[in-house]
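Here the structure is laid out as structure tokens; the discussion comes afterwards.
Nothing in this text is a laboratory measurement; each read-out follows from the coordinates by a stated rule. As the structure is a prediction and not an experimental result, all values here were calculated from the model. Using ideal geometry, Cβ is built from the backbone for each residue, glycine included, and neighbour counts are taken over all protein chains shown.
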Amino acid sequence: MSKKKEIDDRFKKFGTVSFTSVTKVNDFIDRLEEGKVMGTRCKDCGMVFFPPRIDCYKCFSSSMEWFETSGKGRLVSYSKLEYAPVGFENDLPYCIAVLDYGDYKIFGRIAGDIPEEEIELGMEMKTVANRLPNGQLNYVFEKA
Ligand SMILES: [Zn+2]
């Protein structure tokens, strides 16, 4: 009796363009479908990771737990893109940004419905799960 090898490709659902097909952190996508943006926390040393990692690079433990990125982050950097990588052309223009949550930072993009003149460094934002018009999943930053 041979067991059919299944390919875990849940990450295909992430982003405008799928960037990877197999990963150890696919639970991220299941949570995203539930509307939760998750990171991981090392149970041994307390280090937190976003994007989620399954192996801690500080203490090399693989004992991780998931946590939901909740609350407000502070906008510490952003940049408006007029040109984009192949596959992202239809999304232009959009702003990529970094939110600082204290223990971790999240790199992503600012929700397209926020006018650029309302975006300012230091403002509080939150990270929310988002479904793209083509059915793919990602997350965006909205005003907190
Ligand atoms: Zn650790």
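Let's see how each residue does on (1) in contact (Cβ under 8 Å) with a residue 40 or more places away in the chain; (2) within 16 Å of the ligand (Cβ to nearest atom); (3) assigned to a strand (DSSP E or B); (4) among the basic types (Lys, Arg):
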{"position": "Lys58", "(1), (2), (3), (4)": "no, yes, no, yes"}
{"position": "Ser61", "(1), (2), (3), (4)": "no, yes, no, no"}
{"position": "Phe67", "(1), (2), (3), (4)": "no, yes, yes, no"}
{"position": "Asp103", "(1), (2), (3), (4)": "yes, yes, no, no"}
For the range 23-56, name all the residues that are within 13 Å of the ligand (Cβ to nearest atom), touching a Lys or Arg at 6+ places or on another chain (Cβ under 6 Å) and in a loop (DSSP other than H, G, I, E, B). Cys45, Met47, Ile54
Log entry, pairs with first residue in the range 38-53 being at positive phi, second being outside any strand (DSSP E or B) and surrounded by 14 or more Cβ atoms within 10 Å (Cβ to Cβ), beta carbons closer than 8 Å, six or more apart or on different chains, reads none
Could you check the range 101-136 and list, in sequence order, the residues that are surrounded by fewer than 18 Cβ atoms within 10 Å (Cβ to Cβ) and of a type in the set (A, V, I, L, M, F, W, C)? Phe107, Ala111, Ile114, Ile119, Leu121, Met123, Val128, Ala129, Leu132
